[in-house]
Amino acid sequence: MWPFFGRISSVCNKEFLIKTSLLLGIFLITTEGIFMALYLTFSPAGATYVFGLQGRYFIPLFMILALCPTFLPKGTSPLEASPVLAKPCLMRILLTLFMLYSLYTLYSTLSSRYW
């Protein structure tokens, strides 16, 4: 994720970095809390995966992450702040890699669990 913040320090101030880091920290801690709560509640002792985990539990977290660009100084677009977002070709490659990784993860998880 840090390549996205490559040029951010030159465009943004410390306040933006602090607020964004705080939001990312809240996101990570809450994600771990969701995993831990479901593991302790629904998974048998010593299970290698978490029972009952669904994507809907993470929707509010992504809404929180959507606040990050609002911390940019006025007149600064997110495309200016990140050199990665400014290159459409690179964004397409990253999106394709993410989709392939998601497909692989889905296939390997379902095949290990049900076959």
- [ ] Within the stretch 21-28, identify whether any single residue is modelled with pLDDT of 80 or more, surrounded by fewer than 10 Cβ atoms within 10 Å (Cβ to Cβ) and part of a helix (DSSP H, G or I), and answer yes or no.
- [x] no
Task: Positions within the stretch 29-68 being over 27 Å from Y114 (Cα atoms), surrounded by 11 or more Cβ atoms within 10 Å (Cβ to Cβ) and modelled with pLDDT of 85 or more, in sequence order - done: T30
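The values are calculated or read from the model by the stated rules, or taken from the named source; none is laboratory data. Because the structure is predicted, anything quoted here is derived from the model rather than measured. We place every Cβ from the backbone using ideal geometry, glycine too, and count neighbours over all the protein chains shown.
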